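Everything below concerns the one structure shown next.
Just so it is clear, none of the values below were taken in a lab; they were calculated from the coordinates. Every value quoted in this text rests on a predicted model; they were computed, and no experiment measured them. Cβ atoms come from the backbone with ideal geometry, glycine included; neighbour counts cover every protein chain shown.
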């Protein structure tokens, strides 16, 4: 499956993704749920004017 549900706060802040439609967020006016192509987990995302915007790449975690 190459699609997933992307959940954002109305402010544009990314919350999480899900394979099944998250009914408790779909009916909550504080959140926006978009069915979209799968996001690359290596990058941050936000919602701008109803569009998913790919942000910066997350820094690599290294063990010392």
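Taking label points 7 Å from Cα along the Cα-to-Cβ direction, residue 23 and residue 57 give a separation of 4.1 nm.
Please tell me the relative contact order of the chain in percent, rounded to the nearest whole number, where contacts are Cα pairs under 8 Å and at least six residues apart. Relative contact order for the chain comes out at 30 percent.
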